[in-house]
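Undergrad: This is the structure I have questions about; it appears just below.
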Amino acid sequence: MKRHALSTRIWHWINAVSVIILFMSGLNISNAHRYLYWGQSGFSPDQAWLAVPRFPGWATIPGYYSLAGARDWHLLAVWPFALGLLFLWIAMLTNRHFWRDIRTSPTEWHPKAIWADIADHLKLNFEHEGAKYNFLQKLAYGLVLGVFLPMMIFSGLAISPGFEPAAPWLVEILGGRQSARSLHFLFAWATFAFFVVHIVLVVLAGPIRQIRDMVTGGKE
Amino acid sequence: MKRRSFIAGTSALFLGACSKIADSKIGSSLLHAADDWHRKAHRALSARKALVREYSRADISPFFRGNGSIDVDTDEYRAHVANNFADWRLEVRGLVKNPMALSMDNIRQLPQRTQITRHDCVEGWSAIGEWTGPQLSIILNAAGLLESANFIVFRCADTLSGAQYYESVDLIDAMHPQSIVAHQLNGENLPVINGAPLRMRIEQQLGYKNPKYLTAIEAVASLDNIEGGKGGYWEDRAGYQWYGGI
């Protein structure tokens with residue numbers, strides 16, 4: 001059996017490209033109005049809970065300030081991102097990847113077990129017998145796939161006025177349109193934090209084998 | 001510092017590839033097609049006459065921000081302001097059976113709709129206000145749209161960087177119950193910064209699709225020969241998406 005299923009590998013790379021484009025074009029969009037608010041409305045700095053720094057050109061798509069250009073990229077990349085995530089969830093639930101590898105059991109939530117896992121990580125010991133992923137991996141993948149990425153989609157839909165008539169309740173459960181916009185920003189950075197940790201751990205665990213296996217599938 | 005220049009270098013490579021794609025013919029048509037897919041998805045997911053949320057008076061923003069044009073710099077407009085817009089006319093023209101020129105009194109005598117809605121700017125901010133005016137559908141039905149009409153173009157008195165502001169929507173958005181020709185904001189005549197004397201409200205779309213200082217409503221078959229051909233000032237000038245529902 002392959003270490004990574006074909007569906008996982010296809011999704012991984014489509015998702016990687018989409019998320020990078022979404023994040024970098026999102027930073028350009030953020031530059032258009034650098035204040036975040038809670039609730040339904042907000043438009044001036046004195047109402048803001050956060051004044052976001054201006055992001056430099058090398059971190060944004062396009063590489064210069066263009067709200068229209070950034071929105072073009074953002075609105076295109078969201079299609080492979082959202083449909084890809086839906087595809088992965090269907091695949092994970094049907095090929096048992098989710099039930100077998102990602103779902104946690106109550107015993108794993110025991111503080112002692114979690115500490116042991118953290119200690120293993122700090123010692124850079126990446127061998128774990130039996131299960132494919134250790135607890136921290138399951139938790140990280142579960143959070144990203146089940147919370148961070150879906151929240152990017154839901155909060156993005158909630159800030160679209162044309163989508164509102166289809167599901168006005170979505171804006172409400174997220175606390176209002178400006179709250180949804182703040183959540184969109186916060187979950188984008190949560191996803192970025194995962195991205196950084198993910199890259200660091202891949203590098204520490206042997207990047208060539210890790211990347212090769214995510215392309216060819218590798219061996220169990 | 002080295003790591004930083006590595007990140008900056010990688011990002012420059014990626015950005016270079018992105019701008020190559022954006023400049024290529026297939027790339028740019030793909031970027032624009034995505035906007036259309038969003039419009040179709042939004043339309044498929046909601047009923048034609050489904051409404052955006054309406055708020056209560058308590059939610060109204062203390063001040064309604066003016067953005068883009070906040071005045072019209074002509075002697076003619078200043079004369080209209082001095083005269084309380086008594087001579088302002090809203091023309092209804094193009095592919096209609098009965099072209100009309102409505103005075104402010106005519107507009108106030110039509111059945112009115114009052115709605116407290118949220119205005120979302122493409123930049124990201126939102127403000128809530130109470131708008132009053134006749135539904136655009138009432139005006140269009142009175143004028144009688146011809147079969148050949150596909151879009152409604154809104155002509156405006158204001159200019160930005162020397163070009164006339166204008167906007168357009170398709171008939172689905174034009175006939176939406178919340179699409180109104182507003183002459184009041186929060187119970188008062190429209191302030192100049194918000195588009196006096198008339199402003200379109202297209203509530204399911206972003207602020208730039210809600211043109212101010214309205215002078216004419218024009219029914220057309222195609223947007224190709226109107227100004228820059230992309231259906232609006234910002235669309236022509238900076239490549240903004242024609243569908244502003246996202």
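Undergrad: Given an 8 Å cut-off on Cα distances and at least 6 residues of separation, report the relative contact order of chain A as a percent.
TA: 28 percent
Undergrad: Can you grab the distance from the C-alpha centre of region A:95-166 to the C-alpha centre of region B:144-165, Å, no decimals?
TA: Rounded to whole Å, the Cα centres lie 51 Å apart.
Undergrad: Across bins of 5 angstrom width beginning at 0, how are the C-alpha pair distances of region A:147-220 distributed, in whole percent?
TA: For region A:147-220, the binned pair fractions read 3, 16, 18, 14, 10, 10, 9, 9, 9, 2 percent.
Undergrad: Counting pairwise Cα distances across region A:91-220, what percent come out greater than 26 angstrom?
TA: Pairs farther apart than 26 Å: 38 percent.
Undergrad: If packing is taken as the average count of other Cβ atoms within 10 Å, what order do B:201-207, A:214-220, B:33-39 fall into, highest mean first?
TA: Taking the mean over residues of other Cβ atoms within 10 Å, the ranking is B:201-207, B:33-39, A:214-220.
Undergrad: Could you give the nm distance between label points at A:R54 and B:A238, where each point is 7 Å from its Cα heading toward the beta carbon?
TA: Those two pseudo-labels are separated by 1.5 nm.
Undergrad: From Cα pairs below 8 angstrom and at least 6 apart in sequence, can you work out the relative contact order of chain B, rounded to a whole percent?
TA: Relative contact order comes out at 20 percent.
Undergrad: For B:L214, what is the net charge nearby, where nearby means another residue's Cβ is under 12 Å from its Cβ and Lys, Arg count +1, Asp, Glu -1?
TA: Residues near B:L214 contribute +1 overall.
Undergrad: Would you please give the FRET efficiency between A:L124 and A:F195, computed as 1/(1 + (r/R0)^6) with r the Cβ-Cβ distance and R0 = 22 Å, to the nearest 0.05?
TA: With R0 = 22 Å, the Cβ-Cβ based efficiency is 0.65.
Undergrad: On to the next question. What are the extents of the Cα atoms of region A:1-47 along their three principal axes, in Å, largest first?
TA: 58, 21, 12
Undergrad: Which FRET efficiency, nearest 0.05, do B:Q112 and B:E91 yield, Cβ-Cβ r, R0 25 Å?
TA: 0.75
Undergrad: Along each of its three principal axes, how wide is the spread of alpha-carbon positions in the protein assembly as shown, in whole angstrom units, largest first?
TA: 83, 47, 45
Undergrad: Over chain A, what per residue volume does the convex hull of the Cα atoms give, in whole Å³?
TA: Output value, Cα hull per residue: 157 Å³.
Undergrad: If you line up the long axis of helix A:67-94 against the longest principal axis of chain A, both from Cα atoms, how many degrees apart are they, to the nearest 10?
TA: 30 degrees
Undergrad: Okay, next question. Using a simple charge model, +1 on the beta-carbon of Lys and Arg, -1 on the beta-carbon of Asp and Glu, nothing else, what dipole does the protein assembly as shown show about its Cα centre, in debye to the nearest 20?
TA: 1700 debye
Undergrad: Next up: Output the pairs from A:K112/A:K138; B:K20/B:K230; B:K20/B:K212 with a Cα-Cα distance over 27 Å in this structure; if there are none, say none.
TA: Going by Cα-Cα distance, B:K20/B:K212 fall outside the 27 Å limit.
Undergrad: What do you get for GluC sites (Glu not before Pro) in region A:97-145 restricted to DSSP loop and a cutoff of at most 12 other Cβ within 10 Å of the site's Cβ?
TA: A:E127, A:E129
Undergrad: Now for a separate question. Can you tell me what the convex hull of the Cα atoms of region B:1-140 projects to on average, as an area in nm²?
TA: Mean shadow area of the hull around the Cα atoms is 16.3 nm².
Undergrad: Right, here's the next one. Scan around B:I128 for amide H atoms under 5 Å from its own, H built in the peptide plane at 1.01 Å from N, and keep only partners 5 or more places away or cross-chain.
TA: Distant-sequence amide H within range of B:I128: B:S61, B:H119.
Undergrad: Residue separation times 0.36 nm, minus the C-alpha to C-alpha distance between B:I172 and B:V81: what's the value?
TA: So the chain would gain 29.4 nm between B:I172 and B:V81.
Undergrad: In whole Å, what are the extents of region B:52-238 along the principal axes defined by its C-alpha atoms, from largest to smallest?
TA: Per principal axis, max minus min of the Cα coordinates gives 44, 37, 34 Å.
Undergrad: Calculated FRET efficiency, B:E147 and A:R34, Cβ-Cβ r, R0 60 Å, to nearest 0.05?
TA: E(calc), rounded to 0.05, equals 0.80.
Undergrad: Taking the Cα atoms only, what angle lies between the long axis of helix B:2-23 and the longest principal axis of chain B, rounded to 10 degrees?
TA: 50 degrees
Undergrad: Which listed residue (A:Q40, A:N15, A:H74) has the Cα farthest towards the positive end of the charge dipole for chain A, taking +1 on Lys and Arg C-beta and -1 on Asp and Glu C-beta about the Cα centre?
TA: A:N15
Undergrad: Separate question: Simple spin-label model, 7 Å along Cα-to-Cβ: B:T10 to A:R100 in nm?
TA: Placing both labels 7 Å along Cα→Cβ, they lie 3.1 nm apart.
Undergrad: With viscosity set to 1.002 mPa s at 20 °C, what whole-number translational diffusion coefficient in µm²/s follows for region B:18-90 from Stokes-Einstein and a Kirkwood radius over Cα pairs?
TA: It diffuses with D of about 119 µm²/s by this estimate.
Undergrad: Beta carbons within 10 angstrom, averaged per residue: use that to sort the peptides B:135-145, B:113-123, highest first.
TA: B:113-123, B:135-145
Undergrad: Within the P(r) computed for region B:1-45, what percentage of the Cα pairs occupies the region above 18 Å?
TA: 53 percent
Undergrad: How many nm separate the modelled label positions at A:L170 and B:K20, each set 7 Å beyond the Cα in the direction of the Cβ?
TA: 3.5 nm
Read-outs: derived from the displayed coordinates by stated rules, not from any lab. For clarity, every value in this text was computed on a predicted model and none was experimentally measured. With ideal geometry, Cβ positions are generated from the backbone for all residues, glycine too; neighbour counts draw on all protein chains shown.
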